[in-house]
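**Q** Here it is, the structure, as C-alpha cells.
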Amino acid sequence: MLSQARIGEYAAVCGGDTVAALRLFCWNTEVAGGLYGPLQHLELSLRSVMDQQMRQLFGRADWWDAPAADLHFGARQKVTDARAQLRRQAIPATPQEVINELPFGFWVGLLGSGNRYDQRLWRTALYRAFPHYRGRRRDLHQKLDYLRVLRNKIAHHSPIHHRHLHADHETIVEVLGYIDHGLAGLVRRYSNVPEILARRPPTGQ
C-alpha cells in the first residue's frame, strides 16, 4: 500500500532491512511533520511582508498587474494559475485571495535575478521586508530556494532523511529572524524538530 518503489528507497539506505526501512519511513514522516510548522510560519510571514512592500512600491493591492512590476513569465503564470484555482472554487479573485493562493515559490522567485529584480524590486522595496538582514540578495534567495525545495518535498511526501535537517531547521529560524526576531524566537521555542532529530532510528541491524 505504501508502494514498493517508495519503500525500496528506504530499504536501499537500510541495506535491505525491511523493518529498519519502515522505521526510517515513519521517522521521515514524523520529522516532515515537525518541519511543517516552522515552514508554515516562514511562508506566511514571507508573503505578508513582501506583499506589503510591493503594495507600497506600486501603490495598488493588485501590484502584480501594474505594468511597472514587469514580472517574469513564471511569476505571471503563477498569478494566472491562482486566479484559475479561485474560479474553480467559485471564490472572487480579490487581491487578498490571490495572495493566499500564490505558492511559496512565487515569493522566493521575487528575490531572484529575473527581469532586473535586483535593481527594480530588491533595492527599491523588498530589502525592507528583511530589516535584520545585512547580506546580499542572492545569498538570501539561495537560502530560501533551498527551503522551497524542502517544503515541496514535504508537500509531496518525498524522503528528506538524507538532508542535513538540523541545518535546514536552523536556516528556517535564521530567515525568520531576518523578518522578526520575536517570531524566530517563538518558532525556536516551540519547535519539536530537535527532539525528533535526536531519535532518528538506525538504518540497519
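The values are calculated or read from the model by the stated rules, or taken from the named source; none is laboratory data. Nothing here was measured: the structure is a model prediction, and the numbers come from that model. Cβ placement follows ideal geometry from the backbone for every residue including glycine, while neighbour counts extend to all protein chains displayed.
**Q** If Gly16 satisfies every condition in (1) surrounded by fewer than 19 Cβ atoms within 10 Å (Cβ to Cβ); (2) at pLDDT below 90; (3) in a helix (DSSP H, G or I) but one, which is the exception?
**A** With (1) surrounded by fewer than 19 Cβ atoms within 10 Å (Cβ to Cβ); (2) at pLDDT below 90; (3) in a helix (DSSP H, G or I) applied to Gly16, the lone miss is (3).
**Q** Hey, another quick one. Please state which of the following conditions Asp139 fails to meet, knowing it meets all the rest: (1) in a helix (DSSP H, G or I); (2) crowded, with 16+ Cβ neighbours inside 10 Å; (3) more than 13 Å from the chain's Cα centre (by Cα).
**A** Asp139 satisfies all of (1) in a helix (DSSP H, G or I); (2) crowded, with 16+ Cβ neighbours inside 10 Å; (3) more than 13 Å from the chain's Cα centre (by Cα) except (2).
**Q** For segment 77-115: of the residues being modelled with pLDDT under 95 and in a helix (DSSP H, G or I), which is nearest to Asp139 (Cα to Cα)?
**A** If we take residues in segment 77-115 being modelled with pLDDT under 95 and in a helix (DSSP H, G or I), then Gly114 is nearest to Asp139 (Cα to Cα).
**Q** Tell me which residues, restricted to segment 158-197, are among the polar types (S, T, N, Q), over 17 Å from Leu140 (Cβ atoms) and either at pLDDT below 95 or in a helix (DSSP H, G or I) (or both).
**A** Of everything in segment 158-197, just one residue is among the polar types (S, T, N, Q), over 17 Å from Leu140 (Cβ atoms) and either at pLDDT below 95 or in a helix (DSSP H, G or I) (or both), namely Ser158.
**Q** On the basis of being within 20 Å of the chain's Cα centre (by Cα), in a helix (DSSP H, G or I) and among the hydrophobic types (A, V, I, L, M, F, W, C), does Leu42 make the cut?
**A** So Leu42 fits the description; yes.
Residue-wise test of (1) farther than 19 Å from Leu126 by Cα; (2) surrounded by fewer than 16 Cβ atoms within 10 Å (Cβ to Cβ); (3) not small (Gly, Ala, Ser).
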{"residue": "Met50", "(1), (2), (3)": "no, no, yes"}
{"residue": "Asp65", "(1), (2), (3)": "no, yes, yes"}
{"residue": "His72", "(1), (2), (3)": "no, yes, yes"}
{"residue": "Arg76", "(1), (2), (3)": "no, yes, yes"}
{"residue": "Ala82", "(1), (2), (3)": "yes, no, no"}
{"residue": "Gln85", "(1), (2), (3)": "yes, yes, yes"}
{"residue": "Arg88", "(1), (2), (3)": "yes, yes, yes"}
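**Q** Also: Out of the residues in segment 125-178 that are hydrophobic (A, V, I, L, M, F, W, C) and without any contact (Cβ under 8 Å) to a residue 60 or more places away in the chain, state the one that is farthest from Cys26 (Cα to Cα).
**A** Ranking the candidates gives Leu140 first.
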